[in-house]
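Heads up, the thing below is written out as structure tokens.
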Amino acid sequence: MNQKISRKEFVTLAGVGVASVALISSLPARSVEAEIAQSSETDAKTIQEQDLPTVKPVGTLEPIAYFNGAMPTGVTVSQQGRIFVNFPKWGDEVEFTVAEIREGKPVAYPDEATNQTNPNDLAAALVSVQSVVVDPKDRLWILDTGSPLFQPTQYGGPKLVCVDLASDRVIKKILFPQDVALPTTYLNDVRFDLRRGVEGMAFITDSSDSGPNGIIVVDLASGESWRKLNDHPSTKAEERQNFLPVVEGRPFLERQPDGTTKPIKMGSDGIAISADGERLYYCPLASRRLYSVATDALADRSLDDKAVAATVIDEGDKGGGADGLESDAEGHIYATNYEHHAILRRRPDKEWETVAYDPRLIWPDTLSVAVDGYLYVTANQLNRQARYQGGRDLRRKPYTLFRIRIDAKPVLLR
């Protein structure tokens, strides 16, 4: 309803308005400025307090152990629930290169003496371990690179060591000849099929960033070993023009203090064996591709590399660069994704899905499926090392061992 205002009322209201203006005008100038500043501050605060959209984690990661010393890479879990990790000698002060997690803390394993390198006899003890894996018979295998600070290997350094978990004693040691573990070789990860031969076979990736890459095959009974897919394109890092990894929003490159950069050149790194043991999956560190090869071809020492290469399959893009691979008894292939702080899983129908996505997964490294139905993963901030940050170590301790429920069982080929 419209309301009419009399002339007298209008004059009165106008007078009030004029009086108000006069009152404001009579205030000190700085009081007005203060009012404006306070208003702007209130507006800014309101903006800051907005509930803005943000990325959401996927999956529920459970921290299992924290590491305030050297950075870990490998993790494995026994069928009895014992957890083992390792610490390669990349520049950190490494008190012991293999450990068991006991009451949340790493303890030298199998003992202190085995972890004390003898420079005059590299075969006598561990040098620098990159991976630990419990095999289908519940024995711990230790993959020793023999290459601290990525130095050229010498005979006796690169080796595969087996520990009986019932007695906590070393029961087998396999040394690699120098035409298998080359001076440039960096032994990275290992998987087992104990149904092959008398005692089974092991398959190992050589992730060298300065020499031939490939797959090393080991007869566990005789200790003999041989290289397959030696320097095959599928085992090599992709060229820089085809692959530029981005980690924490920044191109992942080697960065020198003088500002110069180099592309990442690590080759075949992650490795996993199919549930039926027929295919071995692998991926170069510097690549988004996944490959597989027939294990029968790898195990047949008489086949030349051309014949082995004929069985290689390019399994396609896996959505990002990966460090670790793993598999389960249900036919899934798992891949860490260091570009996206995630763990992905390829289903038997070859479709990829996300198992975990979490900002705390700063460089997820090694994966291990355990009989308890969990997937274990180390997050070690590898990309923040001084080598990739212009000489500045940007890692922030602690490093973390996580696990996530997947309700799947490990591949046990025995």
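The values are calculated or read from the model by the stated rules, or taken from the named source; none is laboratory data. Note that the coordinates shown come from a computational prediction; the quantities given were computed from them, not determined experimentally. Cβ: placed from backbone, ideal geometry, glycine included. Neighbour counts: every protein chain shown. For accessibility, only protein heavy atoms count, side chains too; no ligands or nucleic acids. Shrake-Rupley method; radii C 1.70, N 1.55, O 1.52, S 1.80 Å.
For the reader, a short list of remarks on this structure follows.
- Residue within the stretch 41-57 that is within 30 Å of residue 158 (Cβ to Cβ), at pLDDT 65 or above and under 52 Å from the mean Cα position of the chain (by Cα) present: no
- Candidate set from the stretch 71-81 (those that are open to solvent by less than 10 Å² (accessible area, probe 1.4 Å) and among the small types (Gly, Ala, Ser)); member that is nearest to residue 400 (Cα to Cα): 74
- Complete set of residues in the stretch 347-375 that are buried (at least 23 other Cβ atoms within 10 Å of the Cβ) and either hydroxyl-bearing (Ser, Thr, Tyr) or more than 15 Å from the chain's Cα centre (by Cα) (or both): 366, 368
- For the condition crowded, with 23+ Cβ neighbours inside 10 Å and farther than 30 Å from residue 81 by Cβ, residue 208 qualifies.
- Residues of the stretch 82-125 classified as among the small types (Gly, Ala, Ser) and in a loop (DSSP other than H, G, I, E, B), total: 5
- A Cβ distance below 7 Å, combined with a sequence gap of six or more or placement on separate chains, defines the contacts here; from the stretch 229-247, residues that are within 11 Å of residue 268 (Cα to Cα) and at pLDDT 95 or above reach residues that are open to solvent by 60 Å² or more (accessible area, probe 1.4 Å) and assigned to a loop (DSSP other than H, G, I, E, B) in the pairs 237/265.
Each row is one residue, and each column tells you yes or no for (1) over 24 Å from residue 367 (Cβ atoms); (2) surrounded by 14 or more Cβ atoms within 10 Å (Cβ to Cβ); (3) in contact with a Phe, Trp or Tyr (Cβ under 8 Å, 6 or more places away or on another chain).
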| residue | (1), (2), (3) |
| --- | --- |
| 214 | no, yes, no |
| 260 | yes, no, no |
| 268 | no, yes, yes |
| 281 | no, yes, yes |
| 285 | no, yes, no |
| 295 | no, yes, yes |
| 304 | yes, no, no |
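- Here residue 403 fulfils each of the conditions (1) open to solvent by less than 40 Å² (accessible area, probe 1.4 Å); (2) part of a strand (DSSP E or B) apart from (1).
- Considering only residues in the stretch 141-152 that are polar (S, T, N, Q) and in contact with a Phe, Trp or Tyr (Cβ under 8 Å, 6 or more places away or on another chain), the one that is nearest to residue 110 (Cα to Cα) turns out to be 145.
- In the stretch 278-293, the residues that are under 25 Å from residue 209 (Cα atoms), out of contact with any Cys (no Cβ under 6 Å at 6 or more places or on another chain) and either outside any strand (DSSP E or B) or hydrophobic (A, V, I, L, M, F, W, C) (or both): 280, 283, 285, 286, 287, 288, 293
- Contact map, the stretch 153-175: first residue within 20 Å of residue 107 (Cβ to Cβ) and surrounded by 15 or more Cβ atoms within 10 Å (Cβ to Cβ), second residue among the acidic types (Asp, Glu) and at pLDDT 95 or above, Cβ cut-off under 7 Å, separation 6 or more or different chains; pairs are 161/144; 165/138.
- Within the stretch 298-312, residues that are assigned to a helix (DSSP H, G or I) sit with their Cβ atoms under 8 Å from residues that are open to solvent by 40 Å² or more (accessible area, probe 1.4 Å), at 6+ positions apart or across chains, in these pairs: 299/196; 299/197; 305/230; 305/232; 309/232.
- The set of residues in the stretch 255-276 that are among the hydroxyl-bearing types (Ser, Thr, Tyr) and either in a loop (DSSP other than H, G, I, E, B) or touching a residue at least 12 places away in the same chain (Cβ under 8 Å) (or both) comprises 260, 268, 274.
- Remark: pairs (first residue in the stretch 321-339, surrounded by fewer than 23 Cβ atoms within 10 Å (Cβ to Cβ); second residue at pLDDT below 95; Cβ separation under 6 Å; 6+ apart in sequence or on different chains) are absent.
- Any hit, the stretch 276-299, residues being over 22 Å from residue 195 (Cβ atoms), at pLDDT 95 or above and acidic (Asp, Glu): no
- For the stretch 115-152, a residue qualifies if it is surrounded by 18 or more Cβ atoms within 10 Å (Cβ to Cβ), among the acidic types (Asp, Glu) and in contact (Cβ under 8 Å) with a residue 60 or more places away in the chain, and exactly one does: 135.
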